[in-house]
1. Give me a comma-separated list of calculated 3J(HN,Hα) values for segment 54-66, in order, Karplus coefficients 6.51, -1.76, 1.60 applied at θ = phi - 60°, integers in Hz, x for any Gly or Pro.
2. Can you tell me the order of 84-97, 8-21 when each peptide is scored by its average per-residue count of other Cβ atoms within 10 angstrom, highest first?
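Bear in mind that the values in this text are calculations on the coordinates, not laboratory data. All of these numbers come straight from a predicted model, not from anything done at the bench. Here Cβ is always computed from backbone atoms with ideal geometry, including for glycine, and neighbour counts include all displayed protein chains.
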Amino acid sequence: MKLNIKPQAKEYLANKIPTKSNLLLTTTDGASSYANNSATCALVYSFQLIIINKLDAKFSISVDNNADYQIWMNPSEEYLFGNGLNLDFSHGALVLGDNGGVMDSAVPVIDWRNLTK
């Protein structure tokens, strides 16, 4: 899996996330998110980037990227991402998309480095 982080998104993230940080790219619907493993059904997914200190075995797919971050995703969410996965910054928010179009126009960055799990 490859994520192209566009220049404006790189600039935005540089002020929030140290390089070489471990990040999770995950949904916020509760189906397999880092915070909640209960099963739910959603018609529209929202996504989030979570900064972590310790890797979680449930997030075993490495997401190659051009911003020198260590990004991981859960195998159960892999089907949500198509070819041309990209992250941009527009109108004050991170925008996640792929060749099919915009997937989420307001992706938050959540810092969980001080939490223990």
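1. 10, 5, 10, 4, 5, 10, 10, 9, 7, 10, 5, 8, 9
2. Result, highest mean Cβ count within 10 Å first: 84-97, 8-21.
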